[in-house]
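As structure tokens, the structure follows; a few thoughts come after it.
The values are calculated or read from the model by the stated rules, or taken from the named source; none is laboratory data. None of the values given here were measured: they were computed from a predicted structure. All Cβ positions, glycine included, derive from the backbone under ideal geometry; neighbour counts span all protein chains shown.
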């Protein structure tokens, strides 16, 4: 039985992780942590999320340092602020705890780009070099199982990369023209903390972070090409709908495109559709649904995920399953 803790357990992704861990008969949930100044410390997680009542009734403990985690866990999900993950991960890895980091602290390898994106310098360059970026469908299993520092993709990058990577890997795109990604996320992507900008009465469909969003360099690095990434806030709770426009190389056929996407034929959590996917088909589910159409040398790809599941907690659990050699869908379906 693998002992697992969750840091940032009171957030939306943290609560989803509690539910997934509770359904996994090879995992034991041994610690739920929040920041020392959190208003939720001392409360039961089930008092915050009624769906966990009678399922996970553990108390949320204040995290005083990495030793709190080391004492109770073999593995930990860090569903917390980027700076918190950056600060606690080194001691955890040194102590032999497998770290599954849902923050952005170890996603970007260039420390100058990282500092510009996240607003603070990266002080753990050796750990950054040994971290494995784990987009579940494409992660190198040998490298994954050889590390203790696993960096999980962001929600927008998951939807974007799963749409584009088969085309790029099969050399089907004319990358002199940057692929353009327009992605709309539900309000839960902004987190649980109340802000005026994510108040229901204030939310309207709008673009934000144009040319400045921190997920752009993550997407570009792990696809190996520059992209135009424009995120949007939608007036719904959960999910991401990404529409990708790209130029095909001369002579690329629909058969070649279909063959490229056949890489997902043995990937149980990606579903390639005959038409364009709907966001409602993936909400509350761990899938990524993909559809495409090509004409006159251009391709439009739509990719839909639940931002809290495939974009966060479900992918984290999928990667943990791969890491320990379990069925990758265990506790997810």
- For the stretch 161-198, how many residues are at pLDDT 90 or above, more than 17 Å from the chain's Cα centre (by Cα) and more than 22 Å from residue 263 (Cα to Cα)? 5
- Task: Among what's in the stretch 265-312 and is surrounded by fewer than 15 Cβ atoms within 10 Å (Cβ to Cβ) and under 20 Å from the mean Cα position of the chain (by Cα), pick the residue that is nearest to residue 191 (Cα to Cα).
- Result: 284
- Residue in the stretch 139-156 that is touching a residue at least 60 places away in the same chain (Cβ under 8 Å), closer than 23 Å to residue 182 by Cβ and in a helix (DSSP H, G or I) present: yes
- Message: Need the failing condition index for residue 272 against (1) more than 20 Å from residue 137 (Cβ to Cβ); (2) in contact with a strand residue (DSSP E or B) (Cβ under 9 Å, 6 or more places away or on another chain), just the number.
- Response: (1)
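Restricting to the stretch 210-242, count the residues that are more than 16 Å from the chain's Cα centre (by Cα) and under 23 Å from residue 309 (Cα atoms).
Restricting attention to the stretch 210-242, the residues satisfying the condition of being more than 16 Å from the chain's Cα centre (by Cα) are 210-212, 224-230, 232-237.
Subset that is under 23 Å from residue 309 (Cα atoms): 229-230, 232-237.
So the count comes out to 8.
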- Query: Just one of the numbered conditions (1) out of contact with any strand residue (DSSP E or B) (no Cβ under 7 Å at 6 or more places or on another chain); (2) more than 25 Å from residue 151 (Cα to Cα) is not true of residue 225; which one?
  - Reply: (2)
- Task: For residues that are in contact with a strand residue (DSSP E or B) (Cβ under 6 Å, 6 or more places away or on another chain) and outside any loop (DSSP other than H, G, I, E, B), scanning just the stretch 165-177, find the one that is surrounded by the most Cβ atoms within 10 Å (Cβ to Cβ).
- Result: 167
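Tell me, yes or no, whether the stretch 294-310 has at least one residue that is under 24 Å from residue 103 (Cα atoms), touching a residue at least 60 places away in the same chain (Cβ under 8 Å) and in a helix (DSSP H, G or I).
Narrowing the stretch 294-310 to residues under 24 Å from residue 103 (Cα atoms): 303-310.
Cutting the leftovers down to touching a residue at least 60 places away in the same chain (Cβ under 8 Å) gives us 303-310.
Within this subset, residues satisfying the condition of being in a helix (DSSP H, G or I) are 309-310.
Checked against the condition, which is being under 24 Å from residue 103 (Cα atoms), touching a residue at least 60 places away in the same chain (Cβ under 8 Å) and in a helix (DSSP H, G or I), the stretch 294-310 yields at least one hit.
I'd like to know if the stretch 113-134 contains one or more residues that are part of a loop (DSSP other than H, G, I, E, B), under 27 Å from residue 263 (Cα atoms) and at pLDDT 95 or above. Give the steps one after another, and end with the answer.
Taking the stretch 113-134 first, the residues part of a loop (DSSP other than H, G, I, E, B) are 119-124, 131, 134.
Those left that are additionally under 27 Å from residue 263 (Cα atoms): 131, 134.
With at pLDDT 95 or above added as a condition, the list becomes 131, 134.
Taking every residue of the stretch 113-134 in turn, at least one turns out to be part of a loop (DSSP other than H, G, I, E, B), under 27 Å from residue 263 (Cα atoms) and at pLDDT 95 or above.
Just need a number here: residues in the stretch 182-196 that are in contact with a strand residue (DSSP E or B) (Cβ under 8 Å, 6 or more places away or on another chain) and under 25 Å from residue 268 (Cβ atoms). Even if it seems obvious, please write down each step before you answer.
So in the stretch 182-196, the residues in contact with a strand residue (DSSP E or B) (Cβ under 8 Å, 6 or more places away or on another chain) come out as 182-187, 189-190.
Of the ones still in play, those that are also under 25 Å from residue 268 (Cβ atoms) are 183, 185-186, 189.
Counting residues in the stretch 182-196 that are in contact with a strand residue (DSSP E or B) (Cβ under 8 Å, 6 or more places away or on another chain) and under 25 Å from residue 268 (Cβ atoms) gives 4.
Could you say which residue among 76, 84 is at pLDDT 95 or above, part of a strand (DSSP E or B), outside the structural domain of residue 214 (by TED's automatic domain parsing) and under 26 Å from residue 108 (Cβ atoms)? Quick ask: steps written out before the conclusion?
Values: 84 fails: part of a strand (DSSP E or B).
Residue meeting the stated conditions: 76.
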- Query: Looking only at residues in the stretch 9-33 that are out of contact with any strand residue (DSSP E or B) (no Cβ under 7 Å at 6 or more places or on another chain) and either free of Cβ contacts under 8 Å to residues at least 12 places away in the same chain or assigned to a loop (DSSP other than H, G, I, E, B) (or both), which one is surrounded by the fewest Cβ atoms within 10 Å (Cβ to Cβ)?
  - Reply: 25
- Message: Can you confirm whether residue 105 is within 24 Å of residue 221 (Cα to Cα), crowded, with 16+ Cβ neighbours inside 10 Å and either in contact (Cβ under 8 Å) with a residue 60 or more places away in the chain or touching a strand residue (DSSP E or B) at 6+ places or on another chain (Cβ under 9 Å) (or both)?
- Response: yes
